[in-house]
Amino acid sequence: MRKFYFTPGPSQLYFTVEEHIKTALKESVPSLSHRGRAYENIHAAAVEGVRQLLQLPADYHVFFTSSATEVWERIIQNLVRTESFHFVNGAFSKRFHEIAQNYNINALSNEVKEGLVVDVEKLLIPETTELIAITQNETSTGAAQPVEDIYTIRKAFPNQLIAVDVVSSTPYINIDYSLVDTAYFSVQKCFGLPAGLGVWVVNNRCFEKAEKLMNEGLVIGSYHSLPALMEKAAKNQTPETPNVLGVYLLGKVAEDMLKKGIDQIRRETEYKAAVLYQAFDQSPVLSAFVSNREHQSKTTLVAKSTNPSAGIISKLSEKGLVIGSGYSKFKEQHIRIANFPTHSKEQVEMLADELIKIE
Ligand SMILES: *Cc1c(COP(=O)(O)O)cnc(C)c1O
């Protein structure tokens, strides 16, 4: 039986990817020189697709990295001299904070329990902080920071750079990117692509900060420093030999999503999330881990279970439905379900029916 993946990344491929890979192989895309015109066109198409899908301001830049994890390190290298401030509410936001600590900077944080989001009204961030890091959708717990909270932080801290992790929520999440300075994602989450490509969006304030640090003699990294990325991006190229197939597929899937329409994708995501949360409510063994409905993620849903997750996972797997276990210490107590654009209404309804039956 062919399995269908509801795991929160990697996940089921976007339904058009198989055809695009076939076309790419026919056109020898993986053999193209990354210094040639054909690659430059592929690069430009992917950047333009991301730009339109995320409705980025014209003066924002789009760069390619190996993953979102790489971007965490690049953000600290390029944008922070001495002090960063991190919202921490789960494993991914914590990892970014730890990477900042690895750099021996003053890496401050506000940490709240898993399942919650940081309360922006109660937050004290020193004026000396250079960068505020927010994980909009904490994939390990299914807690989503409302975008209004990010705008509240923007208003209160106009001089700080704001970095937003939208790894497991974009393009569903509707953020006004002109109100943040940098954002990033990996393609194996909502875009439904093979892993191994990160996308890093930055504005000119970020670029100026990186140049300033460089001119002060600080090390801001080498081939993936912002100035190095910028120089090559101006020619629709990358400093290194990139994941050409990944860039090609990103451009194609972005185009497919634009054809479908971002509003349609958002409406469907909300409908499917409602179906799944309702199944959690109806289930005798499951309940939403995030209790505040306003903070429940629409793209990565997490349920607590009174039964060990392994049994639930294997039962669903027999029906061809692959869901995720809890993250790390929650492995046995939670299940996690991706609700990405490739997961159709019919498939989600089928999964919800099976979830309700579990006893
Ligand atoms: C998956 C994920 C990451 C890391 O992505 P990689 O592709 O493994 O680098 C970072 N942040 C969040 C919120 C994620 O879900």
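The values are calculated or read from the model by the stated rules, or taken from the named source; none is laboratory data. All values derive from a computational prediction rather than experimental measurement. All Cβ positions, even for glycine, are placed from backbone atoms using ideal geometry, and neighbour counts span all protein chains on display. Just so you know, the surface numbers come from the protein's heavy atoms only, side chains and all, with ligands and any DNA or RNA stripped out. Shrake-Rupley method; radii C 1.70, N 1.55, O 1.52, S 1.80 Å.
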With a cut-off of 8 Å between alpha carbons and a minimum separation of six or more residues, what is the relative contact order of region 137-273 in percent?
18 percent
Do you know the relative contact order of region 279-353, to the nearest whole percent, from alpha carbon pairs under 8 angstrom that are 6+ apart?
29 percent
Note to self, the chain gives a 222 nm [θ] from helices alone (DSSP H runs n ≥ 4, -39500 (n - 2.57) apiece, / all residues, nearest 500) of -12500 deg cm²/dmol
The FRET efficiency for Glu48 and Tyr103, from their Cβ-Cβ distance with R0 = 41 Å and rounded to 0.05, is 0.75
Give me the number: length gained by fully extending Met1 to Arg205, i.e. 0.36 nm times residue separation minus the C-alpha to C-alpha distance, one decimal in nm.
68.3 nm
Could you compute how much accessible surface Ser168 exposes when probed at 1.4 Å, giving the result in Å² to the nearest 10?
0 Å²
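Place a +1 charge on the Cβ of each Lys and Arg in region 17-259 and a -1 charge on the Cβ of each Asp and Glu, then give the dipole magnitude about the Cα centre in debye, rounded to the nearest 20.
520 debye
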Using a probe radius of 1.4 Å on heavy atoms only, what accessible surface per residue do you get for the chain? Whole Å² is fine.
42 Å²
Quick one: if the Förster radius is 35 Å, what FRET efficiency do Arg35 and Asp119 give, using the C-beta to C-beta distance and rounding to 0.05?
0.10
Describe numerically, in nm with one decimal, the distance between label points set 7 Å from Cα along Cα→Cβ at Gln333 and at Lys260.
3.4 nm
Separation in nanometres of the label points that stand 7 Å from Cα toward Cβ, at Asp59 and Gln347:
4.1 nm
Taking 21 Å as the cut-off for C-alpha to C-alpha distance, list the pairs among Lys94/Lys329; Lys189/Lys232; Lys113/Lys189; Lys304/Lys357; Lys122/Lys155; Lys3/Lys189 that go past it.
Lys189/Lys232; Lys113/Lys189
As straight-line cross-link partners of Lys319, the qualifying aspartates and glutamates (C-alpha separation under 20 Å, not fewer than 8 residues apart within one chain) are Glu346, Glu349, Asp353, Glu354, Glu359
Expected unfolding gain across Ala156-Asn236 under the 0.36 nm per residue rule, minus the alpha-carbon gap, is 25.2 nm
If packing is taken as the average number of other Cβ atoms within 10 Å across a peptide's residues, how do 334-342, 145-153, 91-99 rank, most packed first?
334-342, 91-99, 145-153
Report the calculated FRET efficiency for Lys22 and Thr128 (r = Cβ-Cβ distance, R0 = 45 Å), to the nearest 0.05.
0.25
Scaled radius of gyration (Cα, divided by 2.2 N^0.38 Å) that the chain gives:
0.99
Over the heavy atoms of Leu226, what accessible area does a 1.4 Å probe trace out, to the nearest 10 Å²?
0 Å²
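Which whole-number percent gives the relative contact order of region 17-259, counting Cα pairs below 8 Å spaced six or more residues apart?
Relative contact order for region 17-259 comes out at 29 percent.
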